[in-house]
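The values are calculated or read from the model by the stated rules, or taken from the named source; none is laboratory data. In this text, all values refer to a predicted model and were calculated from it rather than measured experimentally. Positions of Cβ are generated from backbone atoms using ideal geometry, with glycine treated the same way; all protein chains shown enter the neighbour counts. What goes into the accessible areas is simple: the full protein's heavy atoms, side chains included, and nothing from ligands, DNA or RNA. Shrake-Rupley method; radii C 1.70, N 1.55, O 1.52, S 1.80 Å.
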Amino acid sequence: MIPTDAISDVYQRVSAKTSVDNSYLLLTSASEENYSWGDDRLAIDGHAYILNGTLLKLDSLTIYSMENGNPTDEVIYLSKSNRGVGGMFYRDIAKDGSPDVSSMYISDIGHVSHFNVTVSPECLSHSPKSVLSKVSTE
């Protein structure tokens, strides 16, 4: 869940209307990774589903900074029809490889919003069954 006003630039870029104060965001990633040992980054494509009355489906690209084969942080870009949509999501990854539960969204004009990342059945229940049937939570 993320405050709708935090990602208002995304809604504006895709000309979508919002109806509630909070939006639900589900980020998925492909099972294939684009990484070669020694590279300083790893790129994984996927989708972003944003629910606020209506469901937006966007493409996503997650880029991990790598150090000695381990990720140190991640940046997620959103796009539609090969054009950037809004800003980006960012979060650190601890030395043990676990992602930080604290994340931020940096809008296209530099406004920063902090929020906590949660993965739980309660959060997933906000996603339509048609979306959940296509993704794995493993």
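Per-residue Karplus couplings for the range 93-105, computed as 6.51 cos²θ - 1.76 cosθ + 1.60 with θ equal to phi - 60°, are listed in order as 10, 5, 4, 7, x, 8, x, 5, 6, 8, 9, 9, 10 Hz, Gly and Pro entered as x. Loop-located chymotrypsin sites (Phe, Trp or Tyr not before Pro) in the range 1-59 (DSSP state not H, G, I, E or B) with no more than 10 neighbouring Cβ atoms inside 10 Å: W37. Computed with a 1.4 Å probe on the full set of protein chains, the accessible area for K80 sits at about 100 Å². Among the protein heavy atoms, those of S98 account for about 50 Å² of accessible surface (1.4 Å probe, every chain in place). Relative to the Cα centre, the charge distribution of the chain, modelled as +1 at Lys and Arg Cβ and -1 at Asp and Glu Cβ, gives a dipole magnitude of about 680 debye.
Averaged per residue, the chain has 64 square angstrom of accessible surface, using a 1.4 angstrom probe with ligands and nucleic acids left out. Calculated [222 nm] ellipticity per residue, helices only, for the chain: -2000 deg cm²/dmol; basis is -39500 (n - 2.57) per DSSP H run with n ≥ 4, divided by all residues, nearest 500. Taking amide hydrogens as placed 1.01 Å from N in the peptide plane, the amide H of D108 sits under 5 Å from those of G87, each at least 5 positions away in sequence or on another chain. When the charge dipole of the chain is built from unit charges on Cβ atoms (+1 for Lys and Arg, -1 for Asp and Glu) and taken about the Cα centre, the candidate among G46, S130, M104 whose Cα reaches farthest toward its positive end is S130. Set against the 2.2 N^0.38 Å expectation for a compact globular protein, the chain has a Cα radius of gyration ratio of 1.04. Normalised by the number of residues in the chain, the mean separation of alpha-carbon contacts (under 8 Å, six or more apart) gives a relative contact order of 18 percent. A straight chain from H114 to S133 at 0.36 nm per residue would run longer than the Cα-Cα distance by 3.9 nm.
The number of Lys pairs in the chain with C-alpha atoms less than 16 Å apart, excluding pairs fewer than 8 positions apart on the same chain, is 4. For the range 1-78, the set of GluC sites (Glu not before Pro) satisfying both a DSSP loop assignment and a count of at most 16 other C-beta atoms within 10 Å is given as E32, E33. The calculated FRET efficiency for the pair I93 and V14, based on their C-beta separation and a Förster distance of 35 Å, comes to about 0.75.
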